[in-house]
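Read through the structure below, which is laid out as structure tokens, and then see the notes.
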Amino acid sequence: MPPILPSITTQPANKTVRVGHTAKFSVGATGTKPLALQWKKNGVNIAGATKASYATPPTTLDDNGALFAVIVSDRAGSVTSNNATLTVNP
């Protein structure tokens, strides 16, 4: 059976948290197993963030407006999710 290009079935959702709290982003994806995932913050890979969900460290006001996305890959190719925006309130 030929590999199936990955597809995102549930996009990450925007989150709003208060300073000092964490935000949890998640994605649903299908494709040829095993799937490889890599979360990004503002276009930069987040070290160790390779699961279907990602929880931020405790947030600061500097995180307000940050964009989170995930790349889902398999042997057929890769797909990038929509950006989810993090809003941090004081």
- [ ] Report, in debye and to the nearest 20, how large the dipole of the chain comes out about its Cα centre when Lys and Arg carry +1 and Asp and Glu carry -1 on their Cβ.
- [x] 140 debye
Task: Relative contact order (percent, whole number), the chain, Cα cutoff 8 Å, 6+ residue spacing - done: 39 percent
Task: Listed residue (THR85, LEU61, SER26) projecting farthest to the positive dipole end of the chain, Cβ model - done: SER26
Open item on the list: Could you work out the relative contact order of region 38-90? I mean the mean sequence separation of Cα pairs under 8 Å and 6+ apart, divided by the number of residues, in percent.
Closed with: 36 percent
TODO: Pop a pseudo-label 7 angstrom from the Cα along the beta-carbon direction at both ASP62 and ALA13 and give the gap in nm to one decimal.
DONE: 2.9 nm
TODO: Express the carbon and sulfur contribution to the solvent-accessible surface of the chain as a percent, rounded to the nearest whole number, probe 1.4 angstrom.
DONE: 54 percent
Open item on the list: Test of understanding: what is the full-extension gain from ASN45 to SER26, defined as 0.36 nm times their sequence separation minus their Cα-Cα distance?
Closed with: 5.3 nm
Open item on the list: For Cα extents along the principal axes in Å, pick the label among (1) 35, 29, 22; (2) 52, 22, 17; (3) 48, 47, 18 that corresponds to the value derived from the coordinates.
Closed with: (2)
- [ ] Whole number in Å², please: accessible area per residue of region 1-85, 1.4 Å probe, ligands, DNA and RNA not counted.
- [x] 59 Å²
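The values are calculated or read from the model by the stated rules, or taken from the named source; none is laboratory data. In this text the structure is predicted, and so the values were computed from the model without any measurement. In this analysis, Cβ positions are derived from the backbone assuming ideal geometry, glycine residues included, and neighbour counts consider all displayed protein chains. Each accessible area value is taken on the protein alone, full model and side chains, heavy atoms only, with ligands, DNA and RNA left out. Shrake-Rupley method; radii C 1.70, N 1.55, O 1.52, S 1.80 Å.
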